[in-house]
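K.L.:
Starting off with a structure, shown below.
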Amino acid sequence: MSGRAQAEEAKRFAASRPGVDAVIQRIGHGTWDLILVDADGAWDRWVLGSEDEARGVAELAGATVLDGWTDELSQRMTRRDEWTVPGGTRRAL
């Protein structure tokens, strides 16, 4: 998926949800995770080619970019069981 398509997808995610925060983390040589988490703990992620690109997508989506994982964000994200709630993000293992 292109960076532009990822940006549009991230914007759609953030536009339909309140209180979206973003975490950007390095996941490999030349790859970065952008994780968006809404106020209820629903989340999605995108893999991008640079930290600047991930930050740009997060800002374009209107998310608040955090400096790493906070305890509150981790707890918010894990209190929602994605497999049992309607509309949960289900990913193949």
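K.L.:
VAL47 versus (1) among the aliphatic types (A, V, I, L, M); (2) touching a residue at least 24 places away in the same chain (Cβ under 8 Å); (3) surrounded by fewer than 15 Cβ atoms within 10 Å (Cβ to Cβ): which is the lone unmet condition?
P.N.:
The single condition VAL47 does not satisfy is (2).
K.L.:
Scan ALA42, ALA63 and give me the residue that is within 14 Å of the chain's Cα centre (by Cα), at pLDDT below 90, closer than 17 Å to ALA15 by Cβ and surrounded by 14 or more Cβ atoms within 10 Å (Cβ to Cβ). Steps first, answer last, please.
P.N.:
Working: ALA63 fails: at pLDDT below 90.
After applying the criteria, what remains is ALA42.
K.L.:
Take the conditions over 26 Å from ARG79 (Cβ atoms) and loosely packed, with under 12 Cβ neighbours inside 10 Å and apply them to ARG4. Does it pass?
P.N.:
Spelling it out, ARG4 is indeed over 26 Å from ARG79 (Cβ atoms) and loosely packed, with under 12 Cβ neighbours inside 10 Å.
K.L.:
Now for a different question. Under 8 Å by Cβ, and 6 or more places apart or on different chains, what pairs join a residue from the stretch 1-30 that is modelled with pLDDT under 90 and among the aliphatic types (A, V, I, L, M) with one that is surrounded by 12 or more Cβ atoms within 10 Å (Cβ to Cβ) and assigned to a helix (DSSP H, G or I)?
P.N.:
Pairs found: MET1/GLU9; ALA7/GLY56; ALA7/VAL57; ALA7/LEU60; ALA7/ALA61.
K.L.:
Next up: Does TRP46 meet the test of being over 12 Å from LEU73 (Cβ atoms) and in contact with a Ser or Thr (Cβ under 9 Å, 6 or more places away or on another chain)?
P.N.:
Working: over 12 Å from LEU73 (Cβ atoms): yes; in contact with a Ser or Thr (Cβ under 9 Å, 6 or more places away or on another chain): no.
It is false that TRP46 is over 12 Å from LEU73 (Cβ atoms) and in contact with a Ser or Thr (Cβ under 9 Å, 6 or more places away or on another chain).
The values are calculated or read from the model by the stated rules, or taken from the named source; none is laboratory data. Owing to the predicted nature of the structure, the values given are computational and were not obtained by experimental measurement. FYI the Cβ positions are ideal-geometry reconstructions off the backbone, even for glycines, and counts take in every protein chain you see.
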